[in-house]
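The values are calculated or read from the model by the stated rules, or taken from the named source; none is laboratory data. Fair warning: this is a prediction, and the values are worked out from it, not measured in the lab. Cβ sites come from the backbone with ideal geometry, for glycine too, and all protein chains shown count toward neighbours.
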Amino acid sequence: MAGYRPEDDYDYLFKLVLIGDSGVGKSNLLSRFTKNEFNLESKSTIGVEYRAITSAYYRGAVGALLVYDVTRHSTFENVARWLKELRDHTDPNIVVMLIGNKSDLRHLVAVQTEDAKAFSERESLYFMETSALTATNVESAFTEVLSQIYKIVSKRAV
Ligand code: GDP
């Protein structure tokens, strides 16, 4: 549309990053949240699990969703590396939500909720278990991060 400027349409613009090992469900969490869609066939290259991301990806981020897969313990073990990389590249006030995704696969759970909760408390992260497949907690996870960011930003503005 001619003359359309997206910056006219909102009061706040926040950059969030979505990180975590390959195959944990990042793309599906995003499509569930933004379009209410899920793709069972989405092919991510499982194999390369942890991969460092360029600093440009992190620059200016005020929130992060750090995702692991509750059915693959290795993806939870890598959370500490993701967190370090995130902290090395972002403002200390960044709001971080740890997300254990694929909570619908109850019979395959390999990461205990209590372990993830304890880790989150030690590292001052918010924590939720989600399912992009059944849409459980997906909206809550995104909106909780946004509302925590909003609290910080609105305090600063005063
Ligand atoms: P990404 O590599 O982190 O972006 O992961 P994807 O979103 O591509 O998902 C990887 C695979 O896991 C796909 O086959 C998805 O269908 C599947 N998946 C993602 N989220 C869920 C979920 O909540 N439950 C189940 N059962 N499968 C999921």
I need the helices (runs of 4 or more DSSP H) fully contained in region 57-158, keeping only those with at least 2 residues that are in contact with a helix residue (DSSP H, G or I) (Cβ under 8 Å, 6 or more places away or on another chain) and within 16 Å of the ligand (Cβ to nearest atom). 79-89, 138-157
Test: residue in region 78-85 that is crowded, with 24+ Cβ neighbours inside 10 Å and within 30 Å of Arg156 (Cα to Cα): yes
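Could you count how many residues in region 26-41 are at positive phi and β-branched (Val, Ile, Thr)? It would help to see each step written out before you state the result.
Applying the first criterion (at positive phi) to region 26-41 yields 36.
Still in the running and β-branched (Val, Ile, Thr): none.
Final tally of qualifying residues: 0.
Return the total of residues in region 119-150 being of a type in the set (D, E, K, R) and either touching a residue at least 60 places away in the same chain (Cβ under 8 Å) or touching a Pro at 6+ places or on another chain (Cβ under 8 Å) (or both).
Restricting attention to region 119-150, the residues satisfying the condition of being of a type in the set (D, E, K, R) are 121-123, 129, 139, 144.
Filter once more, keeping what is either touching a residue at least 60 places away in the same chain (Cβ under 8 Å) or touching a Pro at 6+ places or on another chain (Cβ under 8 Å) (or both): 139.
Result for region 119-150: 1.
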Which of the residues that make up region 129-158 are of a type outside the set (S, T, N, Q), surrounded by 13 or more Cβ atoms within 10 Å (Cβ to Cβ) and over 22 Å from Ala61 (Cβ atoms)? Glu129, Leu133, Ala135
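Mind checking whether some residue in region 63-75 is within 21 Å of Val109 (Cα to Cα), small (Gly, Ala, Ser), out of contact with any Pro (no Cβ under 9 Å at 6 or more places or on another chain) and at pLDDT below 90?
Within region 63-75 (the criterion being within 21 Å of Val109 (Cα to Cα), small (Gly, Ala, Ser), out of contact with any Pro (no Cβ under 9 Å at 6 or more places or on another chain) and at pLDDT below 90), the answer is no, since none of the residues qualifies.
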